[in-house]
Amino acid sequence: MEGKTLKPQNNTQPSSEVSTWALIDEGKFEEAELRGNQELKEIIAKLGGENFVEVARVHQALGQVYLVLSKFDESIESYTQALKIYTKVLSENSQEVAKVHNEIGVAYDYKGDKELALKHMKKSLEMLTKILGSDSEELFYPNLALANFYNKISKYAEAIEVGNAALKLGLKYLPADHPEMIGCYSSLALSYQ
């Protein structure tokens, strides 16, 4: 039987061993790679299939591990597996799906494929905006990240538009002296050069 199972959580710990996410938090990426692959096998065996949120979370963790280890194809493959499972088990329009699109975009950016990176990052922001509403505090960072990416690929008009959306949210939800506000102002300044 395949399906959702447990409510989404930040970490999945199928056994008493240290989880993949805990190893990532500790910066032990080679160990996290080994543990993640072991965790996948354990969870799939325990749940009797792959189409479970817990399996998607481990694929997502492995995507992050592979990204840090500069294994970009493996990162994209792991994130894509997480995306497929989240889409099937939760909804095509869930926050988890939107977040994984952004992670795939980052992996494509590191791989050097700016076109696919932009496609996934834009899709992520569009989905999050639809899910959360354009005035959500949670959109500050995705807007800022996309503005920075637009600057990186010299699309300054787009960077200004998205950067202004981040600025508006930051001014509303963050203290004026918050370090991320400096990044927001810097991003906008770069866009206007």
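Hey, could you check the range 50-86 for residues that are within 14 Å of the chain's Cα centre (by Cα) and of a type in the set (Phe, Trp, Tyr) and say which is farthest from ALA32 (Cα to Cα)?
Restricting to residues being within 14 Å of the chain's Cα centre (by Cα) and of a type in the set (Phe, Trp, Tyr), the top hit is TYR86.
Tell me, please, whether a residue that is in a helix (DSSP H, G or I), open to solvent by 60 Å² or more (accessible area, probe 1.4 Å) and touching a residue at least 12 places away in the same chain (Cβ under 8 Å) can be found in the range 101-109.
Within the range 101-109, not a single residue is in a helix (DSSP H, G or I), open to solvent by 60 Å² or more (accessible area, probe 1.4 Å) and touching a residue at least 12 places away in the same chain (Cβ under 8 Å).
Over 17 Å from GLN64 (Cα atoms) and either in a helix (DSSP H, G or I) or at pLDDT below 95 (or both), is that true of TYR141?
Judged against the criteria, TYR141 is a match.
Considering the range 33-49 alone, what residues qualify as being over 18 Å from SER75 (Cα atoms) and among the acidic types (Asp, Glu)?
Hit for the range 33-49 is GLU42, nothing else.
Checking the conditions here, which among SER134, SER124 is part of a loop (DSSP other than H, G, I, E, B) and either on the phi < 0 side of the Ramachandran plot or open to solvent by 20 Å² or more (accessible area, probe 1.4 Å) (or both)?
Going through SER134, SER124 in turn, the sole match is SER134.
Return yes when PRO175 is touching a residue at least 40 places away in the same chain (Cβ under 8 Å) and not β-branched (Val, Ile, Thr) and no when it is not.
Considered against the rule, which asks whether it is touching a residue at least 40 places away in the same chain (Cβ under 8 Å) and not β-branched (Val, Ile, Thr), PRO175 comes out as no.
If I ask for residues that are among the basic types (Lys, Arg) and without any contact (Cβ under 8 Å) to a residue 24 or more places away in the chain, which ones from the range 51-83 would you list?
The one that is among the basic types (Lys, Arg) and without any contact (Cβ under 8 Å) to a residue 24 or more places away in the chain: LYS71.
Could you say which residue among GLN81, GLN64, GLN38, GLN60 is on the phi < 0 side of the Ramachandran plot, open to solvent by 10 Å² or more (accessible area, probe 1.4 Å) and touching a His at 6+ places or on another chain (Cβ under 8 Å)?
Sole residue among the options that is on the phi < 0 side of the Ramachandran plot, open to solvent by 10 Å² or more (accessible area, probe 1.4 Å) and touching a His at 6+ places or on another chain (Cβ under 8 Å): GLN81.
Got a number for residues in the range 33-69 being among the small types (Gly, Ala, Ser), out of contact with any Phe, Trp or Tyr (no Cβ under 8 Å at 6 or more places or on another chain) and in a helix (DSSP H, G or I)?
2
Looking at this structure, is LEU139 closer than 21 Å to VAL106 by Cβ, touching a helix residue (DSSP H, G or I) at 6+ places or on another chain (Cβ under 8 Å), buried (at least 19 other Cβ atoms within 10 Å of the Cβ) and touching a residue at least 40 places away in the same chain (Cβ under 8 Å)?
no
Could you please let me know if VAL89 is closer than 17 Å to GLY36 by Cα and β-branched (Val, Ile, Thr)?
When the stated conditions are applied, VAL89 does not pass them.
The values are calculated or read from the model by the stated rules, or taken from the named source; none is laboratory data. Everything quoted here is computed from the prediction, not taken from an experiment. As a convention, Cβ positions derive from the backbone with ideal geometry for all residues, glycine included, and neighbour counts pool all protein chains shown. For accessibility, only protein heavy atoms count, side chains too; no ligands or nucleic acids. Shrake-Rupley method; radii C 1.70, N 1.55, O 1.52, S 1.80 Å.
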